[in-house]
Amino acid sequence: MMAGGAMPGRTIPQPVEAVPETAPPIVELANVSKTFGQGRQEVSALEHIRLAIGRGEFVTVVGPSGCGKSTLFNILAGLTEADPGASIRYGGQPRAAKELLGKVAFMPQRDLLLPWRRVVDNAILPLQVEGMSRAEALKRAAPMFPEFGLAGFEKHYPHQLSGGMRQRVALMRTFLFERDLTLLDEPFGALDALTRSLMQRWLLEVWQRHQRTILFITHDVDEAIFLGDRVVVMTARPGRIKLVLDVKLPRPRDAEIVTSPEFIQIKRQVLAAIEEESLKSFQQATGG
Amino acid sequence: MRSTFVPQIAALLGLLFLWEAVVLAFNVPAHVMPTASAVLQDIGTGAALIGRGVARTLLETLLGFAIGAMVGFAFGAAFAWSRALERVLFPLFILSQAIPVIAFGALVVMWLGNGIWSKVAIAAYLTAFPVTVNTCRGMRSVDPQRVALLRSFGAGDWRVFWSLQVPFALPSIMAALKLGISLGLIGAIVGEWFGDTVGLGILLLQAMYMENMPRLWAVILVCGVIGIALYALMEAIERRWVWWRPEL
């Protein structure tokens with residue numbers, strides 16, 4: 001059952017089954033909360049997150065800054081434990097967050113390339129961590145360079161590349177780390193608008209070819225709708241899921257789709273939800 | 001590459017000429033300051049003796065440096081790994097460095113004898129401290145986000161250590177090694193003063209007792225050349241293998 005954190009007392013369009021009942025979701029979160037600090041300094045970053053992602057889905061998450069999106073990713077990547085009482089099922093098995101280490105392909109906001117490794121050695125790092133020999137990993141990586149627009153740059157060092165290329169190296173590293181779930185945290189946040197739009201279409205191609213399941217964080221509403229099968233809108237702190245919208249735009253999607261009435265219709269709903277939340281967090285911040 | 005050294009060599013030659021000219025012009029007596037030519041001549045006549053001294057002192061320096069670098073790396077890594085260990089042992093390190101190494105010299109000779117190992121020990125002792133400090137500091141400053149990324153790939157402590165912490169700390173370790181090799185040379189020369197028969201430190205002592213000014217300056221020059229050569233070697237290693245700066 002595809003569940004998208006329904007809040008009582010609000011009219012929320014219930015997500016439609018995106019995968020047949022027989023295929024269990026890759027990941028199923030229920031009652032996932034996260035509090036930082038103690039006593040008066042206690043800050044609730046996430047509250048009662050309920051989310052399921054089916055195999056092959058592309059789910060995007062938007063929300064105001066500080067809505068706990070990155071905390072959610074850290075939990076899914078196994079880097080942070082959720083508060084007690086959370087239920088995380090991965091591949092049908094209940095898991096503690098730390099058991100997800102090495103099971104989820106995680107790409108943080110910054111490319112985090114290692115400056116002393118060449119492009120190719122950065123890309124194969126996760127394979128080497130898995131214990132694969134360098135020769136074997138290189139063989140696996142070789143055909144992906146043209147696909148990621150990095151042909152001819154294998155032997156370069158990260159400081160010799162542009163921001164967009166570094167980001168593609170980081171993406172290639174993430175895609176080489178073949179896992180059931182791929183987490184992308186604002187991968188195009190630092191890119192200029194034109195490069196970003198090219199990268200979005202390119203990412204969709206790669207996603208379809210490699211048949212990965214992707215959870216994608218962004219600040220950009222257009223990006224969220226353009227890429228996603230579903231858009232998850234999160235609330236300001238504490239982060240909750242405010243809205244889950246199905247994006248039934250046909251695929252493959254081209255650049256013009258962002259001006260279609262269907263797109264605008266979805267965008268209006270998402271923006272309205274975000275607007276409400278931004279206002280709330282602004283009032284919290286100003287004490288109003 | 002070779003052309004870049006031309007100005008430095010020219011400056012060095014200029015200095016030698018100035019030296020020669022000043023000593024001759026002011027008629028400085030030889031027991032105060034010999035001429036540059038007399039010193040160079042002494043290097044020529046004493047070549048066999050000085051060469052043996054160079055070989056011995058260089059060996060002591062390099063052995064002491066290597067041992068000191070390894071010990072320093074091990075302690076630095078251990079301190080980076082465990083704050084508790086650092087709290088217990090690091091004050092002892094500071095204390096040991098506060099005592100001038102000369103004060104330990106006699107002790108080291110009594111323990112390790114009059115041979116090469118007492119000098120190696122002093123050179124190692126001087127090298128180890130900066131390497132310990134910089135290894136620890138370099139490893140502590142490792143980017144936590146990169147650690148998290150490696151962990152998300154399923155990397156264990158050992159993998160994070162070798163694939164991330166060590167390369168991350170290397171530029172800082174390298175800076176300590178450059179300092180350490182100079183200190184190692186000092187340690188070897190000073191170590192020889194506590195008793196031996198070969199080495200540049202011994203040649204210095206002999207020249208002093210015999211008031212052999214040209215020889216004294218010859219050995220000083222040779223020590224300088226060795227010091228510069230060792231430093232240049234470390235620079236070359238750094239340029240070739242440790243050229244990156246940690247990105248944060």
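The values are calculated or read from the model by the stated rules, or taken from the named source; none is laboratory data. Everything quoted here is computed from the prediction, not taken from an experiment. Cβ atoms come from the backbone with ideal geometry, glycine included; neighbour counts cover every protein chain shown. Side chains included, ligands, DNA and RNA excluded: accessible areas come from the protein's heavy atoms. Shrake-Rupley method; radii C 1.70, N 1.55, O 1.52, S 1.80 Å.
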I'd like the distance separating the alpha-carbon centroids of segment A:106-127 and segment B:178-226, in whole Å. 49
Hydrodynamic radius (Kirkwood) for segment A:31-175, which is based on Cα pairs only, to one decimal in Å: 17.4
Over all distinct alpha-carbon pairs, what is the Kirkwood Rh of chain A in angstrom? 19.8
Charge context of B:Leu230, other residues only, Cβ under 14 angstrom, K/R +1, D/E -1: -2
Loop sites in segment A:113-189: trypsin sites (Lys or Arg not before Pro), DSSP, at most 10 other Cβ within 10 Å: A:Lys155
For segment B:1-119, the Kirkwood Rh over every pair of distinct alpha carbons, in Å, works out to 19.3
Return one number: the angle in degrees, 0 to 90 and rounded to the nearest 10, between the long axis of the Cα atoms of helix B:83-98 and the longest principal axis of the Cα atoms of chain B. 10
Out of every Cα pair in segment A:138-288, what percent are spaced more than 26 Å from each other? 35
So which residue, out of A:Val233, A:Val258, A:Val119, gets the largest mean-square fluctuation from a GNM of chain A using Cα contacts under 10 Å as springs? A:Val258
Using 0.36 nm per residue of separation minus the Cα-Cα distance, give me the extension gain between A:Ser87 and A:Ala151 in nm, one decimal. 18.8 nm
To the nearest 100 Å², how much accessible surface do chains B and A cover up together, summed over both, with a 1.4 Å probe? 2000
Need one number: the % of Cα-Cα pairs in the protein assembly as shown sitting beyond the 34 Å mark. 55
Is any helix in chain A, taking whole DSSP H runs, at least 18 angstrom long along its axis by alpha carbon and on average at least 0.0 on the Kyte-Doolittle scale, and which ones? A:163-176
At 1.4 Å probe size, what's the solvent-accessible area of B:Trp241? Round to the nearest 10 Å². 150
Using only Cα atoms and rounding to the nearest 10 degrees, what angle (0 to 90) does helix B:6-25 make with the longest principal axis of chain B? 40
Antiparallel versus total DSSP beta bridges in chain A: what percent is that, nearest 5? 50
P(r) for segment B:110-181: what percent of alpha-carbon pairs falls in each 10 Å bin, starting at zero? 19, 33, 24, 15, 7, 1
Relative to chain B, whose Cα atoms define the longest principal axis, helix B:47-81 and its Cα axis are tilted in degrees, nearest 10, by 20
Antiparallel DSSP bridges in the protein assembly as shown: what percent, to the nearest 5? 50
Anyone know which of B:Ile99, B:Ile181, B:Ile122 comes out most mobile in the 10 Å Cα GNM of chain B? B:Ile99
How big is the gap, in Å, between the Cα center of segment B:1-39 and the Cα center of segment B:79-135? 38
How big, on average over all directions, is the shadow cast by the Cα convex hull of segment B:38-241, in nm²? 13.1
